[in-house]
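The values are calculated or read from the model by the stated rules, or taken from the named source; none is laboratory data. Treat the numbers as computed from the prediction; the structure is a model and nothing was measured. Quick reminder, even Gly has a Cβ in these numbers, built from the backbone with ideal geometry, and neighbours come from all protein chains shown. The accessibility values were calculated without ligands, DNA or RNA, using every heavy atom of the protein model including side chains. Shrake-Rupley method; radii C 1.70, N 1.55, O 1.52, S 1.80 Å.
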Amino acid sequence: QVQLVESGGGLVQPGGSLRLSCAASGMIFRIYAMGWYRQAPGKQRELVAAISSSGSTNYRDSVKGRFTISRDNAKNTVYLQMNSLKPEDTAVYYCNGGTSSWWPWGQGTQVTVSS
């Protein structure tokens, strides 16, 4: 059974940084594209960044140049480095498949950007 466990969120001031982690188990991690999603209150969940099995990345326009997705196949973990955070980045962040939610959602990790 696939399990995804997100961590690393918190409260940060505008302009600050956070690094999120997602530990995956129950699957052959290295063969899958992975993605980071977020859901703000009252809004639909959206894909923020994705990384292929070979390491190619893509980002939604609103986070380009500020967020970096990476993966460590030896640790079955995908990361999201978030810099220059803005209040509109406030959301619960989740990881899942690189193009769709192939597995059950984890609990997510709350990111709050506020002064």
Please give the net charge around residue 35, taking every other residue with its beta carbon less than 13 angstrom from that of residue 35, where Lys and Arg add +1 and Asp and Glu add -1. +2
Of 14, 108, 77, which is farthest on the positive side of the dipole of the chain, counting Cα position, with +1 on Lys and Arg Cβ, -1 on Asp and Glu Cβ, and the Cα centre as origin? 77
Set of aspartates and glutamates with alpha-carbon distance to residue 86 below 20 Å, sequence-local pairs under 8 removed: 46, 61
For residue 45, the accessible surface traced by a 1.4 Å probe with all protein chains present amounts, in square angstrom to the nearest 10, to 80 Å²
Anchor residue 75: aspartates and glutamates whose Cα lies under 16 Å away (excluding residues fewer than 8 positions away in-chain): 6
With the full set of protein chains in place, find how many percent of the accessible area of region 1-65 is carbon and sulfur; take the probe as 1.4 Å. 46 percent
Residues in region 1-45, backbone N under 19 Å from the label point at residue 56 (7 Å along the Cα-to-beta-carbon vector): list them, ranges by number please. 30-36
Total charge dipole magnitude, the chain, about the Cα centre, Cβ charges on Lys, Arg, Asp, Glu only, Debye to nearest 20: 100 debye
Listed by chain and number, the residues whose amide H is under 5 Å from that of residue 53, excluding neighbours fewer than 5 places away on the same chain and using placed H, are 33
Over the chain, average the accessible area per residue using a 1.4 Å probe and give it in Å², no decimals. 51 Å²
Whole-Hz Karplus couplings 3J(HN,Hα) for region 9-23, θ = phi - 60° and coefficients 6.51, -1.76, 1.60, Gly and Pro as x, run x, x, 9, 9, 6, x, x, x, 10, 8, 10, 8, 10, 9, 9
